[in-house]
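S.K.: I have a structure I would like to understand better, so I am pasting it below and will then ask my questions one at a time.
The values are calculated or read from the model by the stated rules, or taken from the named source; none is laboratory data. No experiment lies behind these values; they were computed from the predicted model shown. Every residue, glycine among them, receives a Cβ derived from its backbone with ideal geometry; neighbour counts consider all protein chains shown.
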Amino acid sequence: MSDGLIRRVIACVSSTQHLPAERITLDSSFEELGIDSLDGINILFALENEFGISIPDQAASTIRTVRDLVEGVEKLLAAQSAAVSPPQGGPGASDN
């Protein structure tokens, strides 16, 4: 989990919820921050726009903390990167 990713996720939460970023930590729960389910949906939309990802509904329903958000975004970005990367050992690859 990179510091840059953590900062960007916290910035999304901060801007959508109008909360000071310094009040938000990885271990902050949505309940502690006063984030309800509608607020959570707005945060997910902001994260999808910020990172160019699509967060599946079933994954969204399990998110309860800022750490859950960061880990979820990290997994989706890794999957997206793997899908874009060319497969190793494909046509033209050398087996020397």
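S.K.: From the list E50, E22, E71, exactly one residue is of a type in the set (D, E) and in contact (Cβ under 8 Å) with a residue 60 or more places away in the chain. Which is it?
M.R.: Values: E50 fails: in contact (Cβ under 8 Å) with a residue 60 or more places away in the chain; E22 fails: in contact (Cβ under 8 Å) with a residue 60 or more places away in the chain.
After ruling out the rest, the residue left standing is E71.
S.K.: Give the number of residues within the range 49-59 that are surrounded by 16 or more Cβ atoms within 10 Å (Cβ to Cβ) and not β-branched (V, I, T).
M.R.: Residues meeting the conditions: 1.
S.K.: Here's another thing I want to ask about it. Would you check which residues across the range 45-76 are more than 18 Å from A21 (Cβ to Cβ), in a helix (DSSP H, G or I), of a type in the set (A, V, I, L, M, F, W, C) and more than 8 Å from the chain's Cα centre (by Cα) and list them?
M.R.: Matches in the range 45-76: F45, A59, A60.
S.K.: Go through the range 13-30 and count every residue that is under 14 Å from R67 (Cβ atoms) and either in contact with a His (Cβ under 6 Å, 6 or more places away or on another chain) or not hydroxyl-bearing (S, T, Y) (or both).
M.R.: Final tally of qualifying residues: 5.
S.K.: Check the range 21-36 and report whether any residue there is under 20 Å from M1 (Cα atoms), among the β-branched types (V, I, T) and either modelled with pLDDT under 95 or touching a helix residue (DSSP H, G or I) at 6+ places or on another chain (Cβ under 6 Å) (or both).
M.R.: yes
S.K.: Could you please find all residues in the range 56-78 being modelled with pLDDT under 90 and among the small types (G, A, S)?
M.R.: A59, A60, S61
S.K.: Also, I was wondering about something else. Search the range 1-20 for residues being modelled with pLDDT of 95 or more and assigned to a loop (DSSP other than H, G, I, E, B), and hand back the single one that is surrounded by the fewest Cβ atoms within 10 Å (Cβ to Cβ).
M.R.: H18
S.K.: From the list G40, G34, pick out the single residue that is of a type in the set (G, A, S) and under 14 Å from I63 (Cα atoms).
M.R.: G40
S.K.: What number of residues within the range 60-76 satisfy the criterion of being of a type outside the set (A, V, I, L, M) and buried (at least 20 other Cβ atoms within 10 Å of the Cβ)? Reasoning before the result, please.
M.R.: Taking the range 60-76 first, the residues of a type outside the set (A, V, I, L, M) are 61-62, 64-65, 67-68, 71-72, 74-75.
In the following step, the residues that additionally are buried (at least 20 other Cβ atoms within 10 Å of the Cβ) were identified as 72.
Final tally of qualifying residues: 1.
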